[in-house]
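Data first, discussion second: the structure below is written as structure tokens.
The values are calculated or read from the model by the stated rules, or taken from the named source; none is laboratory data. Quick caveat: nothing in here was measured; it's all calculated off a predicted structure. Note that each Cβ is placed from the backbone with ideal geometry, even for glycine, and that neighbours are counted across all protein chains shown.
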Amino acid sequence: MPTFYGTEVQNPLLLGTAQYPSPAILADAVHQAEVDVVTVSLRRESGNDRAGQDFWKLIQDLNVKVLPNTAGCHSVKEAVTTAHMAREIFGTPWIKLEVIGEEDTLQPNVFELVEAAHILTEDGFQVFPYTTEDLIVAGKLLDAGCEVIMPWGAPIGSGRGLENITALKTMRAHLPDVPLVVDAGIGLPSHAAQAMELGFDAVLLNTAVAKAGDPAQMAKAFSSAVASGRDAYNAGPMEPRDMASPSTPVMGKAFLS
Amino acid sequence: MTEHVSIVGAGVAGLTTATELVARGVSVTIYEKSEIIGAHACSRYAGGMLAPWCERESAEEEVVTLGKGAADWWSEHTDLVVRNGSLVVAQGRDRNELKRFAGRTSNFKDINSEQIAELEPDLAGRFQLGLHFEEEAHLDPRKAIAELTSSLKEKGVTFELGSSVNPKLLSGDVIDTRGFAAQSDLETLRGVKGEMLLLHCPDVVLHRPIRMLHPRIPLYIVPRGDGLFMVGATMIESAERGRITARSMLELLGSAYALHPAFGEAEIIEMGVDVRPAYPDNLPRVTRNGNIISINGLYRHGFLLSPAMAQQAADMIAKTNTYGEVQHAHHA
């Protein structure tokens, strides 16, 4: 089971809470898929006087661990302010740090991300940075005090799956002891299973479940997929090879090359 | 049979309920905290779309079953219903959003760019594919509130304006339609913030509500006639009633401009913000607690679902439960 900052999590499927048809359907998805950790945004909902509290209370009533996020923040300053508010509201040092760099692809601004991660870890936060698959950036985030790295699979909401598998494998190989979470871009349970088969510790997604025809059923499908992927990784998957390797003996048959 | 009922709140829920009660021979007094009817009701900022099939995209089936009679109800009680259907489009790069929308909804026709041009000549050449929901309708919410009010006055309904009464202090049958203001009495009610714009743009003529899909910023534009358009609406999990953000306006105006560049030269007539009262399942409820019947949680479906809720409440009062089927569709 993945452990983030000393806290063990039972289900490696982490779920976002935005865009569901209703909070009741969100709750249903979380419960049916036995999700342990949900992430929730605050930037836009808080207004001037934390007017999002009705929804946040519904999230707290789910009785799962809350990973507040800084979605919608475009600068270090915004992200840091939002993180402080999140810590007060949800009483957790956890923060999913997201600093958006580009409006169209929603890709992270990794420079500001590293800067914000420094500030927040020094301030006692336990930062879950949403980043790209870039290994150098991951190193800088670790230097900044992050103990989890969350590379994207593909742009947020795109549902394209793992677009750069080689880079994700490289990251896993270079950082064997760091909890790694694929965050964003997952469209299908097979994408999530694939991330787990590569040895990632968890998968974080939102749109694929929230916008499914039946969000609760899709959440369950993702939950089984990450469990299968993790089992497969732990079981030691075979290495692919170029030639067929029959599982029945071929001794005594003509050998044609 | 009850002879007199007090209604607290003169928004769309209060006025539709009064209309149903008067039709059943009940005398009605309406208490409204504002001095002017509609001034502080969130229905003031409604889109006025009577679009149950489109709404199904992000709502449960009950919104269709409860809402499909709404256009008839409003036609019966006002002269404002325009039955031109709704048109759903998406820009080329968001074409998959159109597929998703079609997969979640029913009662529409797939149309191509020529058919879009026939329906809305001003959108000719702008979209390759669309969905036409022919049976849907729309109305002007502010005019509808005014028409219901004046016909209720004609029928002898008393309006106590500027009167912030607590429903619990009224005797006899009381219907509480205060919307979000009733939050302290309705534990699970929350507010969902919505911001809208009213634009004047005589360069564009549209005949029906247009929904332009986008993964993050879905937009609707409802023509109000005389070159006026209602552009909406944001959906933010927040109970903040009084702050319109630059980002929201940027998004709405950007989308309107993407629908048709002539909106770039539109005059901004009004910006509005309020919160929609919603229960956790985003479906409305009629509930009874002693002598008080509460209608609330109309969410983004005030004009669409208030007729069905009004009928349920009026039946509850009249104790002739002829809409039992509808009523049982609700889990309290």
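Can you name the residue in the range B:59-95 that is basic (Lys, Arg) and part of a helix (DSSP H, G or I) and, of all such residues, is surrounded by the most Cβ atoms within 10 Å (Cβ to Cβ)?
Keep residues of the range B:59-95 that are basic (Lys, Arg), which gives B:68, B:83, B:93, B:95.
So of that shortlist, the ones also part of a helix (DSSP H, G or I) come out as B:93, B:95.
Working: B:Arg93: 10, B:Arg95: 14.
This residue is B:Arg95.
Looking only at residues in the range B:99-150 that are away from every other protein chain (no Cβ under 14 Å) and among the aromatic types (Phe, Trp, Tyr), which one is nearest to B:His214 (Cα to Cα)? Step through it out loud before you land on a result.
We begin by selecting, within the range B:99-150, every residue away from every other protein chain (no Cβ under 14 Å); these are B:107-150.
Checking the rest, the ones that are also among the aromatic types (Phe, Trp, Tyr) come to B:108, B:127, B:133.
Numbers: B:Phe108: 19, B:Phe127: 14, B:Phe133: 18 Å.
Applying the filter and picking the extreme gives B:Phe127.
For the range A:111-137, which residues satisfy the criterion of being in contact (Cβ under 8 Å) with a residue 24 or more places away in the chain, charged (D, E, K, R) and touching a Gly at 6+ places or on another chain (Cβ under 8 Å)?
A:Glu112
Please count how many residues of the range A:75-106 are surrounded by fewer than 24 Cβ atoms within 10 Å (Cβ to Cβ), over 25 Å from A:Asp54 (Cα atoms) and at pLDDT 90 or above.
So the answer is 5.
For residues that are assigned to a loop (DSSP other than H, G, I, E, B) and of a type outside the set (A, V, I, L, M, F, W, C), scanning just the range B:232-258, find the one that is nearest to B:Leu197 (Cα to Cα).
Narrowing the range B:232-258 to residues assigned to a loop (DSSP other than H, G, I, E, B): B:233-235, B:237-245.
Next, from what is left, pick out any that are of a type outside the set (A, V, I, L, M, F, W, C): B:234, B:237-238, B:240-243, B:245.
Working: B:Thr234: 10, B:Glu237: 19, B:Ser238: 19, B:Glu240: 17, B:Arg241: 15, B:Gly242: 14, B:Arg243: 13, B:Thr245: 12 Å.
The extreme case among them is B:Thr234.
Out of (1) crowded, with 16+ Cβ neighbours inside 10 Å; (2) more than 12 Å from chain A (Cβ to nearest Cβ); (3) over 30 Å from B:Pro121 (Cβ atoms); (4) not β-branched (Val, Ile, Thr), the odd one out for B:Leu253 is which?
That leaves (3) as the condition not met.
Report whether or not B:Glu35 is over 14 Å from B:Leu298 (Cα atoms) and not in a helix (DSSP H, G or I). Step through it out loud before you land on a result.
Values: over 14 Å from B:Leu298 (Cα atoms): yes; not in a helix (DSSP H, G or I): yes.
The answer is yes for B:Glu35.
When A:Gln107 is evaluated against the numbered criteria (1) in contact with a Leu (Cβ under 9 Å, 6 or more places away or on another chain); (2) of a type in the set (S, T, N, Q); (3) under 30 Å from B:Arg93 (Cα atoms), which criterion, by number, is the only one it fails?
Status for A:Gln107: all satisfied but (1).
If you take the residues of the range B:264-323 that are away from chain A (no Cβ under 14 Å) and among the hydroxyl-bearing types (Ser, Thr, Tyr), which of them is surrounded by the fewest Cβ atoms within 10 Å (Cβ to Cβ)?
B:Thr322
State yes or no: is A:Ala116 more than 11 Å from chain B (Cβ to nearest Cβ), out of contact with any helix residue (DSSP H, G or I) (no Cβ under 9 Å at 6 or more places or on another chain) and at pLDDT 90 or above? So that I can check it myself, show each step before the final result.
Values: more than 11 Å from chain B (Cβ to nearest Cβ): yes; out of contact with any helix residue (DSSP H, G or I) (no Cβ under 9 Å at 6 or more places or on another chain): no; at pLDDT 90 or above: yes.
Answer is no for this residue.
May I ask you to list the residues in the range B:219-250 that are within 14 Å of another protein chain (Cβ to nearest Cβ), out of contact with any strand residue (DSSP E or B) (no Cβ under 7 Å at 6 or more places or on another chain) and among the small types (Gly, Ala, Ser)?
Of everything in the range B:219-250, just one residue is within 14 Å of another protein chain (Cβ to nearest Cβ), out of contact with any strand residue (DSSP E or B) (no Cβ under 7 Å at 6 or more places or on another chain) and among the small types (Gly, Ala, Ser), namely B:Ala246.
Would you be able to tell me the number of residues in the range B:1-58 that are among the polar types (S, T, N, Q), crowded, with 23+ Cβ neighbours inside 10 Å and modelled with pLDDT under 95?
Selection size over the range B:1-58: 1.
Which of (1) in contact with an Asp or Glu (Cβ under 9 Å, 6 or more places away or on another chain); (2) assigned to a loop (DSSP other than H, G, I, E, B) does A:Leu113 not meet, given it meets every other one?
All conditions pass for A:Leu113, except number (2).
Quick test of your reading of the structure: A:Ser245 fulfils all but one of (1) of a type in the set (Gly, Ala, Ser); (2) in a loop (DSSP other than H, G, I, E, B); (3) modelled with pLDDT of 95 or more. Name the failing condition by number.
Looking at each condition in turn, A:Ser245 falls short on (3).
Being of a type in the set (Asp, Glu), surrounded by fewer than 23 Cβ atoms within 10 Å (Cβ to Cβ), under 25 Å from B:His132 (Cβ atoms) and away from chain A (no Cβ under 14 Å), is that true of even one residue in the range B:177-196? Steps first, please.
Quick first cut of the range B:177-196, residues of a type in the set (Asp, Glu) only: B:185, B:187, B:195.
Still in the list and also surrounded by fewer than 23 Cβ atoms within 10 Å (Cβ to Cβ): B:185, B:187.
If we keep only those that are under 25 Å from B:His132 (Cβ atoms) as well, we get none.
So far as the range B:177-196 goes, no, none of its residues is of a type in the set (Asp, Glu), surrounded by fewer than 23 Cβ atoms within 10 Å (Cβ to Cβ), under 25 Å from B:His132 (Cβ atoms) and away from chain A (no Cβ under 14 Å).
Which one of these is at pLDDT 90 or above, closer than 30 Å to A:Arg230 by Cα and in contact with a Ser or Thr (Cβ under 7 Å, 6 or more places away or on another chain): A:Leu15, A:Leu26? Full working, then the answer.
On the way: A:Leu15 fails: in contact with a Ser or Thr (Cβ under 7 Å, 6 or more places away or on another chain).
Matching residue, one of A:Leu15, A:Leu26: A:Leu26.
Just the residues that are assigned to a helix (DSSP H, G or I), under 16 Å from B:Ile37 (Cα atoms) and of a type in the set (D, E, K, R), please, taken from the range B:134-180. Walk me through it before giving the result.
Of all residues in the range B:134-180, those assigned to a helix (DSSP H, G or I) come to B:141-154, B:167-169, B:179-180.
Those still in the list that are under 16 Å from B:Ile37 (Cα atoms) too: B:141-154, B:179.
If the condition is that a residue be assigned to a helix (DSSP H, G or I), under 16 Å from B:Ile37 (Cα atoms) and of a type in the set (D, E, K, R), then B:Arg142, B:Lys143, B:Glu147, B:Lys153, B:Glu154 are the ones that fit.
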